[in-house]
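Here the structure is laid out as C-alpha cells; the discussion comes afterwards.
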C-alpha cells in the first residue's frame with residue numbers, strides 16, 4: 001500500500017515536471033524569449049547586463065516595423081544581438097554626415113539621445129553614424145543598427161538580416177528596476 005502511494009506521488013510529480021517543461025518550451029518558442037543585453041551597442045536605450053523579455057509573438061502577429069527593437073540571430077558568431085530596425089525590404093539606405101537616408105529622404109530618429117551622441121564622441125571630429133554607401137535592401141531583409149552607432153556591429157558589418165533571423169520584436173526590460181519598461 002505504501003509503495004503504491006509513493007509510486008502515485010512520483011507519477012504526479014513527473015506529470016507536473018513534464019507539463020512545466022512543455023509549457024516553458026512553448027512559451028519561449030512562440031511567445032517570449034528571455035534576453036540579457038551584452039555590450040554597449042544599444043546605449044543609452046539599453047545598457048550592458050539589462051535583463052528582459054523580447055516578444056516573439058508580436059513579430060509573428062504584427063511583423064517587423066521601422067524603429068522597433070529586435071533580437072536577431074547571427075549564425076557566423078553564434079550569438080543573439082539586440083538592434084533597432086532602420087531599413088525595410090525594398091528600400092534604399094545610406095548615411096552621409098551622420099544622417100541616414102531612406103529612398104533619398106532623411107529619416108527622423110527621435111529614439112536617439114542627442115546628449116549621449118555628443119558626449120560619446122568627446123572632442124573627436126567623427127560622425128556619430130559613419131557614412132556608408134547606398135544599398136538596396138533585398139526582399140525579406142531588414143537593415144538593423146545599434147543606437148550607439150560608433151560601438152555597434154550591425155547591418156553595416158553583417159549586411160541586411162533576413163526576416164527569419166529576427167527572433168523577436170520589442171523588449172520589456174525588467175532589471176534593473178529603474179529601467180523597467182518597453183523599449
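The numbers here are math on the coordinates, done by the rules we state, and not lab data. Bear in mind the structure is a predicted one, so any value in this text is a computation, not a measurement. Cβ sites come from the backbone with ideal geometry, for glycine too, and all protein chains shown count toward neighbours.
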For the range 136-161, name all the residues that are assigned to a loop (DSSP other than H, G, I, E, B), under 13 Å from residue 76 (Cβ atoms) and within 13 Å of the chain's Cα centre (by Cα).
153
Residues (within 17 Å of residue 174 (Cα to Cα) and touching a strand residue (DSSP E or B) at 6+ places or on another chain (Cβ under 7 Å)) located in the range 46-63
46, 49, 50, 51, 52, 53, 54, 55, 56
List pairs: first in the range 164-183 and on the phi > 0 side of the Ramachandran plot and touching a residue at least 40 places away in the same chain (Cβ under 8 Å), second surrounded by fewer than 14 Cβ atoms within 10 Å (Cβ to Cβ) and outside any helix (DSSP H, G or I), Cβ under 8 Å, 6+ apart or cross-chain?
170/182
Is it the case that the range 148-169 has a residue that's crowded, with 17+ Cβ neighbours inside 10 Å, touching a helix residue (DSSP H, G or I) at 6+ places or on another chain (Cβ under 6 Å) and closer than 22 Å to residue 33 by Cα?
yes
Has the range 90-108 got at least one residue that is in a loop (DSSP other than H, G, I, E, B), in contact with a strand residue (DSSP E or B) (Cβ under 8 Å, 6 or more places away or on another chain) and within 20 Å of residue 45 (Cα to Cα)?
yes
